[in-house]
Amino acid sequence: MWRLVFLILILSLMATVCNLQTSLLATPTPTAQPPPPTETPAPVLLTAQMLENMQYTLPAFEDTDYTVQLKDGLYQYGTDPAAPDYVSVVLGDALAFGDLNADGSADAAVPLAMNFGGTGVFVWLVAVVNEDGSGRQVGRYLVDDRPIIERLAIENGLIKLNAVVHAPDDPGCCPTLPVERHFRLIPGGLALVFATSQIGDTPRDIRMDFPAEDSRVSGSLEVRGSVTVVPFEANLNYRIYSEQGEEYQVSYITVDAPDFDQPGTFIKTLDLSGIPPGVVFLEIAELSAADGSVVTLRAVRLIVE
């Protein structure tokens, strides 16, 4: 009996050894490995150093443009400010970064001070877009002669500027008029879409109740809103222009107010039949009777169908 048991044990041991050899000799089935993660390259950002060493184009005399190459934030042609060909361009300290064209990359807004000799220093607000880490100028706006820039920022796709500029009676040395300006980048350049001025104790402001931003319109359009102070001769200027800056309509809207220094309201129906389909801007503004500068302004983007 014990021989039979011993034989069974030997046979079991031999079977175990054979199975072990078979498993060692078998080719293991490869385990699928996940592909290595694809690294998205980090976007190249615009820096202050890039902006300080860019090429810019600004208006000069006689409706001509003047292109300058900054080096460390400065360009200067000539050494004598009294010479007729002297030019100096300086990049200001108030630099702003943010997305202006909704492409996910941070763009920039910079102030450039241009001087042709003498006391006038004309400050331009310049928009710069980020193209794969290279800056390109895409718009400009004249702020004032020797303004005081208090704040410059890019928020929600808009350039926002707070500054003190010259009122009509201010001497050249000393601006006293606080203003706020908002700009939108459009294919035609920088469009002023909001402006207020602090004249006296009451800010000059326009409220547009209708139409709302990005409304779809056609045929005719009723415009409604209000002002904090009735403008000169109770008239506001309005215009409708395309994204490229082409003007379709320019006229005025009468404000209804109890007295010349009181708040007022306005309502007007505009004929859109001659405006081609597409994106347009409706701008309503109060312009200074003294020098034609913008006192207050509102603009909304519309889609004409």
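Structure values in brief
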item	result
Residue match in region 226-241 (condition: part of a loop (DSSP other than H, G, I, E, B) and open to solvent by 70 Å² or more (accessible area, probe 1.4 Å))	no
Residue in region 272-305 that is least open to solvent (accessible area, probe 1.4 Å), counting only those that are free of Cβ contacts under 8 Å to residues at least 60 places away in the same chain and in contact with a Gly (Cβ under 8 Å, 6 or more places away or on another chain)	Leu272
Of all residues making up region 242-294, the number that are acidic (Asp, Glu), assigned to a loop (DSSP other than H, G, I, E, B) and over 19 Å from Asp205 (Cβ atoms)	3
Selected residue (only one of Val110, Val129, Val123 is without any contact (Cβ under 8 Å) to a residue 40 or more places away in the chain, within 22 Å of Leu58 (Cβ to Cβ), buried (at least 20 other Cβ atoms within 10 Å of the Cβ) and of a type in the set (Val, Ile, Thr))	Val123
Residues of region 45-64 satisfying the condition of being hydroxyl-bearing (Ser, Thr, Tyr) and either in a helix (DSSP H, G or I) or surrounded by fewer than 12 Cβ atoms within 10 Å (Cβ to Cβ) (or both)	Thr64
Number of the exception - Ala212 against (1) without any contact (Cβ under 8 Å) to a residue 24 or more places away in the chain; (2) outside any strand (DSSP E or B); (3) open to solvent by 40 Å² or more (accessible area, probe 1.4 Å)	(1)
The listed residue being part of a strand (DSSP E or B) and at pLDDT below 95, out of Pro178, Pro203	Pro203
Selected residue [among the β-branched types (Val, Ile, Thr) and within 21 Å of Thr176 (Cα to Cα)] from Val138, Val164	Val164
Some residue of region 153-164 being aliphatic (A, V, I, L, M), more than 24 Å from Asp107 (Cα to Cα) and over 21 Å from the mean Cα position of the chain (by Cα)	no
Criterion: out of contact with any Cys (no Cβ under 6 Å at 6 or more places or on another chain) and either closer than 27 Å to Phe61 by Cα or open to solvent by less than 40 Å² (accessible area, probe 1.4 Å) (or both) - qualifying residue of Phe116, Phe97	Phe116
Check on Ala108, closer than 22 Å to Pro147 by Cα, under 32 Å from the mean Cα position of the chain (by Cα), modelled with pLDDT of 65 or more and not in a strand (DSSP E or B)	no
Single residue of region 253-268 satisfying the filter (open to solvent by 90 Å² or more (accessible area, probe 1.4 Å), of a type outside the set (Asp, Glu) and in contact with a strand residue (DSSP E or B) (Cβ under 9 Å, 6 or more places away or on another chain)) that is farthest from Arg298 (Cα to Cα)	Pro258
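The values are calculated or read from the model by the stated rules, or taken from the named source; none is laboratory data. As the structure is a computational prediction, the values presented were derived from the model and not from experiment. All Cβ positions, glycine included, derive from the backbone under ideal geometry; neighbour counts span all protein chains shown. In case anyone asks, the SASA skips ligands and DNA or RNA and just uses the protein heavy atoms, side chains included. Shrake-Rupley method; radii C 1.70, N 1.55, O 1.52, S 1.80 Å.
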